[in-house]
1. Treating only the Cβ of Lys, Arg, Asp and Glu as charged (+1, +1, -1, -1), what charge dipole size does the range 651-711 show about its Cα centre? Round to the nearest 20 debye.
2. Between E825 and D108, how many nm apart are label points set 7 Å from Cα along the C-beta direction?
3. I need the shape label for the range 387-457. Rule: rounded when a/c is under 1.5, else prolate if a/b > b/c, else oblate, with a, b, c from the alpha carbon gyration tensor.
4. Relative to the longest principal axis of the C-alpha atoms of the chain, give the angle of the C-alpha long axis of helix 190-201, reported between 0 and 90° and rounded to the nearest 10°.
5. Tell me which lysines have Cα within less than 25 Å of K452's Cα, excluding those fewer than 8 residues away on the same chain?
6. Return the percentage of antiparallel bridges among DSSP beta bridges fully within the chain, rounded to the nearest 5 %.
7. Measuring from label point to label point, each 7 Å out along Cα→Cβ, what is the I707 to R744 span in nm?
8. Residues of the range 399-419 with amide nitrogen under 17 Å from the 7 Å Cα-to-Cβ point of A393?
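Read-outs throughout are calculated quantities, based only on the coordinates presented, and are distinct from any laboratory measurement. These figures come from a predicted structure and were not determined experimentally. When we count neighbours, we look across all protein chains shown, and the Cβ atoms used for this are built from the backbone with ideal geometry, even at glycine.
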Amino acid sequence: MQQWRALKARHPDALLLFRVGDFYEMFYDDAVRGAELLQITLTSRNNGSSRAPLAGIPAHALGAYLKRLLAAGVRVAICEQMEDPAQAKGVVRREVVEVLSPGAVLRDGLLDERRPNHLVALAGDPHGGIGYACADLSTGDLTLGVTEAAALADVLARLEPAELLLPADWPEPENVRATITRRAASLFDPAVATSELMRRYGVQSLAGFGLGPGERPAVAAAGALVAYWSELLVGVAPPLRPPRVERPGDVVTLDARTQRNLELVEALAGPDRPSLLRVLDRTRTPMGARTLRRWLLAPLRQRRTLEERLDAVAYFVERDTVRHALQRALAKLPDLERLAVKARTGRATPRDLGAVRDTLARFPEIAAALPADQPAALAAARAALDPLPELHARLAQALVDEPPPHLGEGAVFRPGFDPELDALRQAREDAVDFLARLQERERARTGIPSLKVGFHRVFGYYLEVTRAHRDRVPPDYEHRQTLAQAERFVTPELKAWEAKIVEAEARLATLEQERFQALRAEVAEAASTLLQAADALGRLDAWLALADVAGRYGYTRPYLHDGFGLRIRAGRHPVVERALPPGAFIPNDVELDENRRLAILTGPNMAGKSTVLRMVGTIVLLAQIGSFVPAEEASVGLVDRIFTRVGATDDLAAGQSTFMVEMTETAAILHSATDRSLVLLDEIGRGTATWDGLAVATAVAEHLHDIVRAKTIFATHYHELTRLAERCPGVVLWRVAVREEQDRVVFLHRLEPGAADRAYGIEVARLAGLPAAVVERARALLQELERRGHEPPARRAGGESAVQLSLFPVPPEIDALLDRLRRLEIHQLTPLQALLLLAELSEAARRYRDV
Ligand code: ATP
């Protein structure tokens, strides 16, 4: 327990897994927490005066438990026994060999290989310019950037951190799912960070990476990240690659909500439903899967880069055979990126090095399938696939065909690779041979036909004689062990050979380890070349996936331009389309330009308004990741941001009302959208009283039209909004068509110019299974309202007063009174007539008090 306390004191914020024999034990608070998280039994152990809570997990199942602990956001310190208990004097020496944290995981089998695992550190001014450093320690990827505090949430949504490293005195950013780790503010010092990074990268200045004075906060964050890493993995240098620096104008900003609304990586209905990524991800390697995910979350704004990607995709769309052959070749590749990092951090196993060898062997075949000059992106990928002939030859010579998963679990090196290893192996085999011959010899000498040579883990080699032959045992046999049916003996000769075997094995193990480490170091030396190749494979795999999707589902290459306009001919929603039978999705045309920049989209419930909105957002996004798009033709003016506002449901738990959430989001859009943005609004204003809602919706639309001038689609049930077209020249009206058949409505899902005339809300209510009596009553009420000429205040009643307005019309008496007032010609009244009228009004007011 003293030992445990000392180790725990050094890792107070980690759950300490303390190795005791075949178990990892947790004590005290760790035990309570661990037992709850892992759903294992909590017991206690007598600890002198008190009883200590205790919970343990079997050592062989460590991986599965670690996975659960990390998923729960827990930091775990693993403590091992550092000596063989059989040989230890006193208490076995123990040490923490590894600390795992959700954002710092290197161990095999714990990470999802199809997505990056990000640790993000923040530094600078929490209310001003915030620097961020985002690293995937399993791949060595490092991205640095600076963002305004207001845009931090968007950056974090894109980076999807598993863990966030913050200075101790910082406020916690809102809505992040990551584990928060805090360290002293002094760890985030820009000057210390600069010299530390220069030392690690072996450079005199960070300017070569594109890091100038403006990036100081980002450098500070990177410094903290490196320091934190060193704290977790003592003695293992962080495998960081040269940083990628992001500038604000590089990527299309997608706030967390838009990322969710467009269902980029996860469907709104839950992780089991198809997302856009699920439709696109036809990658064959982990590198490709991670690359595609990164592209999808960070669409680009530079046309040149996008055209390069599109050229690469187009190349494969046009060449089915090449594409299929390459996808087949990639399917056999391991995660070269993580393998290279494992080599660099001294964790690669014999099997891993075998995998590096086999991967290198495939490079020439893959490179040969790629063009040498055009498209440039493909030529660059081809050039990056350096097959490292020397390293490959070395690995091929050294390693057996199928190296074991770990050292000591079988032969690693080929015979002939190293004479010393061969000699030791020979010595061991000779000794084993000798023992086999010894058995024959002793049988002959003693005349005991069942005599055999055996091996016991504790007692070593022995000669075994069954009871029946006990009296034939010669005098030079020394007795060792008595069993039920037999006895075991040794001879000096046997002992001598045993010593030879043991020694040969020990030396073999040491030498094999030495040789293996040397070989691993050679691979580590080549890590940066391997990582570049891994990047190229990732890109290649992603292009192939996009080409595969484009070919399979009939996407076309978008025409990108820097102008304003957006034109989509026969566009489809890539995800909705997949959920419907082939050909069932009705394609639609969409066109927005400077003179038609705000579309008011009306249509009955269920007609497909949201689908149109999300289709437009998704097609623009696909174009800006360099993908083909689901349309017959698309011309896309590049956007700087995509905003979406569709039904709010998910922030209710955070204590905000539906309408408050809606307005907060709308405010953010009006403040940050530019004339280069794409704004997609679904039913603004419906969360409040009808007239308030309509007023807000109208004012928002006017502001977007007059001031922001962004490309906007505004889907609404407020028929009144369509009147905006009369006074705003840039407003166009779209509606989703339906056809009435007798008393039924058929949804055509077809977009056409104009405004919808009816909501068909009752029809949808009927379809949804509202009781027939309720539907009938609603029909009657609607007819009554329409007969009285009350303009329906809204096509879909939203708040309480809307219900009042529509269901309690003005009583006829008051109506008549109002009518009289309207027709009154005041200047013709005498003072007496005026007084009489006033009395009459006052009396009426009293009479109708309750109306
Ligand atoms: P509400 O006003 O009630 O929110 P909406 O007009 O926004 O409805 P959507 O949610 O977009 O309607 O679409 C309703 C359903 O209609 C979708 O789930 C989809 O299955 C189908 N749908 C929409 N658009 C199309 C289309 N173009 N082709 C085929 N089916 C479509």
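1. It comes to approximately 180 debye.
2. Each label point is offset 7 Å from its Cα along the Cβ direction, giving 10.1 nm.
3. prolate
4. That helix lies at roughly 50 degrees to the long axis.
5. Reachable lysines: K495, K500.
6. 65
7. Here the modelled spin labels are 4.9 nm apart.
8. 399, 417-418
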